[in-house]
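Engineer: Input: one structure, supplied below.
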Amino acid sequence: MADEVTAVESAAGSGVVNTLNASIGLDFSLIGSRLHAAYEKSGSDGYAVLLIPSEQNADNGVSIGEVIEDIKKLVKGVDEKADTSSMEKDLESGISGLSQEEGEGSVLDNLIIKLKMAYLYIRKSSQESTLEYAFQLEVITKGMIPEGINQLVDVDNISISVWNTNRSKVVEKMGLTTIHDYLEMEAAVPEIPEMPVQPEDEPEVQKEQTED
């Protein structure tokens with residue numbers, strides 16, 4: 001302890017200003033999982049929350065309705081005017097399009113969804129608000145895959161990704177891309193190494209013998 005105090009006094013005496021940083025752990029529930037994120041106070045009226053992309057082990061799944069409500073609550077908590085209708089429609093249509101059509105309104109209610117990977121970044125102050133998220137969800141698909149798909153491939157599980165961030169590290173780590181974006185990527189053309197040009201054999205020049 002004495003060494004620490006001496007080090008601080010020495011730094012202060014040398015004119016070095018040490019900035020005090022504090023990070024607080026924040027535990028919360030989202031999409032049926034307990035998450036642990038870093039929380040930081042920002043200024044007098046702001047805060048920031050960061051959950052880096054991390055694997056999750058959800059014990060209990062939730063319904064698609066609970067997934068939508070949790071994300072809506074998260075979005076509205078940061079920006080009350082945010083429109084989540086497009087996200088809701090994409091989630092519902094994406095899942096229902098891969099499930100059996102057995103009675104109206106029954107399929108989505110019976111699906112069980114688990115959170116597999118999550119990224120979350122929130123920064124809020126009186127001047128501005130930022131919300132970035134990416135969720136990878138696993139759909140428990142037993143008995144729910146259409147027969148047409150089962151005849152083509154043996155489906156083990158269905159995963160769904162929902163995100164609104166374009167941070168390269170997050171996108172790369174979580175493998176976030178749409179089919180359209182993937183097909184729009186320029187195909188890598190392998191470079192063909194140039195073959196060295198072999199010099200042509202020069203005809204032997206017969207030297208005339210000169211008489212001395």
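Engineer: Could you tell me the accessible area of Glu55 in Å² (1.4 Å probe, neighbours in place), rounded to the nearest ten?
Structural biologist: 130 Å²
Engineer: Find how much the distance from Lys169 to Ser86 grows on full extension, using 0.36 nm per residue of separation minus their present alpha carbon separation; answer in nm with one decimal. Write out the running numbers ahead of the final one.
Structural biologist: On the way: separation 83, 0.36 × 83 = 29.88 nm, distance 2.51 nm.
Once the chain is fully extended between Lys169 and Ser86, it gains 27.4 nm.
Engineer: Another one. Holding the Cα-Cα limit at 24 Å, pick out from Lys41/Lys89; Lys89/Lys173; Lys76/Lys124; Lys72/Lys114; Lys89/Lys114; Lys81/Lys114 the pairs that are longer than that.
Structural biologist: From Lys41/Lys89; Lys89/Lys173; Lys76/Lys124; Lys72/Lys114; Lys89/Lys114; Lys81/Lys114, over 24 Å: Lys41/Lys89; Lys89/Lys173; Lys81/Lys114.
Engineer: Once the piece of chain linking Asp79 and Ile52 is laid out straight, how much longer is it, given 0.36 nm per residue of separation minus the C-alpha distance between them?
Structural biologist: So the chain would gain 7.6 nm between Asp79 and Ile52.
The values are calculated or read from the model by the stated rules, or taken from the named source; none is laboratory data. All of these numbers come straight from a predicted model, not from anything done at the bench. We work out accessible area using only protein heavy atoms, side chains counted, and drop any ligands, DNA or RNA first. Shrake-Rupley method; radii C 1.70, N 1.55, O 1.52, S 1.80 Å.
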